Amino acid sequence: MISLEQLSKVYQSKGKTVIGVDDVSLDIKKGEIFGVVGYSGAGKSTLLRCMNILERPTEGKVMVDGIDLMTLNSRDLRKARQSIGMIFQGFHLAMAKTVLENVAFALKASGVNRQERKRRAQELLELVGLSDKADQYPAQLSGGQKQRVSIARALANDPKVLLCDEATSALDPNTTQSILNLLKRINRELGLTIVLITHEMEVVKEICDRCAVMEDGKIVEQGSTYEIFAAPENELTKRFIQTVIDFRIPEKILSERKGTIVHMTFKGDSANESIVSDLLQGYNVRANILHGKIDYIQDQALGTFVMELTGEQKVVHRAIQDLKEKLGEVEVLQDDRSADQSLARAE
Amino acid sequence: MIDQLINLWPELNKSFIETLIMVGIGLVVALIAGLPLGLLLFVTDRDLFLENRTVKSIVGVVVNLIRSVPFIILLVFLFPFTNFLIGTTTGPVAASVALSVAAIPFYARIVESSARDIDKGVIEAAIACGASPWLIIKDIIFPEIKPGLISGLTITAISLIGYSAMAGAIGGGGIGDLAIRYGYYRYDNFVMFTTVILLIVLVQIVQYTGDYIAKTVKKN
């Protein structure tokens, strides 16, 4: 649906060259929710704004629904933008217009006649659950309601794509959840392709089918959200995932533990099987759970456990080998230290 | 004192109407020419949807040029032009030529600065909707700055009342003219005070009305 080819955006500011987006190629499929995460200044917002030429890329190609946006004249570009909805962190509603008029404006932009505008705008407000607020002004609405209005406006011309620029970053967790649910619903019901950028990994985990991580204008890692969460490769990706799935154990606790401490990740079905208990029984190893969590990402389970294994050294090693074969993701965080302790005592 | 007032009345009445004519014409011209000019200054600015450095600097320089000439000098400087346009350089209508010339750039700058206060994001969202520049000006920018446009018109009106006194001094008529003729040349303090009070009342009424209308059109 959206394909970016070797896209770059360079700014000239006060004689200095600032690279916003650095040679990014990306393919976003029809009907998926694609997330781009990164810290502020990573270039994700610029990347998103290149997708409807709110910022004109310095180099590269932007194809949306088979149209090369870079080659369009301003008239055709306006036409193309009508099928690319966009919502923003700051909502950006016209304060002097009522809710209904704000939505109707987008229809006016595409030349819909007055009666049809009103009818369609009311329909859209119903879709986002705000039909009772049609005649109010944005200043009278809460943040979540404002974002709903801006979603209605973005959907006015039956777009194929919806671009979300930090759409939930200004909202509280409850409201964020309800806006995400709404986005998910319109993605399913209308078959809309959604691209969202965010610095909240929680948002990605919640609704994105696939995601990309950006740093310094480049995409450092991309893949299905589940795979990214299950096996992140890049350091930055790992840090982002830690904001959602944090399995760090306090130093003090670690230093008090004498057994082998392992970190295990269970993917998909294996999260539901009793691999660990089978293993422990089979090997005569005692396990002490220090941390454990099962997350559901894209309706698939992802388990993360940190355990202290105690028992005879050799047996523990064999058990870990076996776990590695079955799970793939087993990391030894701290080796057995009971030997050190006894040595220390002997001295 | 009552006698004095009765004697002065016809003259006062005439002057007052002359002032209203001068200021009125100036305001209408400011609105007709200054408003589009101000919007032009705004939309051709950097990073805006009709960014155009050439237009912006030419219009900007012309506006500054007119605004940097002291009004009394502008009046005299424009005499040939006024004569060409109206056929005379005296009377309120002739004076309103210079007042209009001064009011256009004055109001244009006020329009520009109130447009700058609009959240740029709103304009950006309109662009993302695929709206044409004209639709954005007409349907987004204009309604957003309406209260500002009216306050700006109030400020312009009050400035014009002040300027009209100067125009009066060199043949334009109006309250200012009355004050100078009687108060300055004849040391008639009664006329002086009366005109000052009249001007104060006029300015108060303009300010109050302007504020009231601006408040009424503010919709959020």
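Against the condition assigned to a helix (DSSP H, G or I), closer than 15 Å to B:Ser113 by Cβ and in contact (Cβ under 8 Å) with a residue 40 or more places away in the chain, how does B:Leu48 come out, does it pass?
No, not satisfied.
Do we find that B:Ile32 is in a loop (DSSP other than H, G, I, E, B), of a type outside the set (Asp, Glu) and under 26 Å from A:Lys97 (Cα atoms) in this structure?
No, not satisfied.
Of all residues in segment A:51-62 being more than 14 Å from every other protein chain (Cβ to nearest Cβ) and either in a loop (DSSP other than H, G, I, E, B) or more than 22 Å from the chain's Cα centre (by Cα) (or both), which is surrounded by the most Cβ atoms within 10 Å (Cβ to Cβ)?
Step by step, filter segment A:51-62, then rank; the result is A:Pro57.
What single numbered condition from (1) part of a loop (DSSP other than H, G, I, E, B); (2) more than 14 Å from the chain's Cα centre (by Cα) fails to hold for A:Gly144?
For A:Gly144, the exception is condition (1).
With the requirement that a residue be at pLDDT below 90 and either out of contact with any Ser or Thr (no Cβ under 8 Å at 6 or more places or on another chain) or closer than 12 Å to A:Glu166 by Cα (or both), what does segment A:202-212 give you?
A:Glu206
Those residues that are among the small types (Gly, Ala, Ser) and at the interface with chain B (Cβ under 7 Å from one of its Cβ atoms), I need them from segment A:77-95; list them, please.
Scanning segment A:77-95 gives A:Gly90, A:Ala94.
If you check A:Asn157 against the conditions, is it over 26 Å from B:Ala131 (Cα atoms) and modelled with pLDDT of 90 or more?
When the stated conditions are applied, A:Asn157 does not pass them.
Please work out if A:Gly303 is closer than 30 Å to A:Val203 by Cα and either of a type in the set (Ser, Thr, Tyr) or surrounded by 18 or more Cβ atoms within 10 Å (Cβ to Cβ) (or both).
yes
Can you name the helices (runs of 4 or more DSSP H) wholly within segment B:61-134 that have at least 1 residues being modelled with pLDDT of 95 or more and within 20 Å of the chain's Cα centre (by Cα)?
Qualifying helices (runs of 4 or more DSSP H): B:92-116.
Being assigned to a helix (DSSP H, G or I), more than 30 Å from A:Thr237 (Cβ to Cβ) and of a type in the set (Asp, Glu) is the requirement here; does A:Glu126 meet it?
yes
I'm trying to understand the selection: among the residues of segment A:158-186, which are acidic (Asp, Glu) and either in a loop (DSSP other than H, G, I, E, B) or touching a Pro at 6+ places or on another chain (Cβ under 7 Å) (or both)?
Those that are acidic (Asp, Glu) and either in a loop (DSSP other than H, G, I, E, B) or touching a Pro at 6+ places or on another chain (Cβ under 7 Å) (or both): A:Asp158, A:Glu166, A:Asp172.
Go through segment A:254-266 and give me each residue that's at pLDDT 80 or above and closer than 28 Å to A:Glu202 by Cα.
Matches in segment A:254-266: A:Ile261, A:Val262, A:His263, A:Met264, A:Thr265, A:Phe266.
Every residue in segment A:135-154 that is buried (at least 19 other Cβ atoms within 10 Å of the Cβ) and aliphatic (A, V, I, L, M), please.
A:Val149, A:Ile151, A:Ala152, A:Ala154
For A:Leu155, only one of the following conditions fails: (1) of a type in the set (A, V, I, L, M); (2) under 20 Å from B:Asp119 (Cβ atoms); (3) under 24 Å from the mean Cα position of the chain (by Cα). What is its number?
Status for A:Leu155: all satisfied but (2).
Condition check ((1) more than 14 Å from chain A (Cβ to nearest Cβ); (2) over 20 Å from B:Lys218 (Cβ atoms)) across all residues:
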| position | (1), (2) |
| --- | --- |
| B:Val76 | yes, yes |
| B:Leu85 | yes, yes |
| B:Thr89 | yes, yes |
| B:Ala94 | yes, yes |
| B:Ile104 | yes, yes |
| B:Tyr107 | yes, no |
| B:Ser114 | no, no |
| B:Asp117 | no, no |
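A quick yes/no check of all residues on (1) in contact with a helix residue (DSSP H, G or I) (Cβ under 6 Å, 6 or more places away or on another chain); (2) in the same structural domain as A:Asp209 (by TED's automatic domain parsing); (3) in a strand (DSSP E or B); (4) surrounded by fewer than 17 Cβ atoms within 10 Å (Cβ to Cβ):
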residue: A:Tyr11; (1), (2), (3), (4): no, yes, yes, yes
residue: A:Asp27; (1), (2), (3), (4): no, yes, yes, yes
residue: A:Tyr39; (1), (2), (3), (4): no, yes, no, yes
residue: A:Ala42; (1), (2), (3), (4): no, yes, no, no
residue: A:Arg49; (1), (2), (3), (4): no, yes, no, no
residue: A:Gly85; (1), (2), (3), (4): yes, yes, yes, no
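If the requirement is being more than 14 Å from every other protein chain (Cβ to nearest Cβ), crowded, with 20+ Cβ neighbours inside 10 Å, at pLDDT below 85 and more than 21 Å from B:Asp47 (Cα to Cα), which of these qualifies: B:Gly173, B:Gly152, B:Gly183, B:Gly168?
Checking each option against the conditions leaves just B:Gly168.
Which of the residues that make up segment A:170-185 are surrounded by fewer than 16 Cβ atoms within 10 Å (Cβ to Cβ) and under 30 Å from A:Ile67 (Cβ atoms)?
Result: A:Lys184, A:Arg185.
The values are calculated or read from the model by the stated rules, or taken from the named source; none is laboratory data. As the structure is a prediction and not an experimental result, all values here were calculated from the model. Note: ideal-geometry Cβ built from the backbone for every residue, glycine included; neighbour counts use all protein chains shown.
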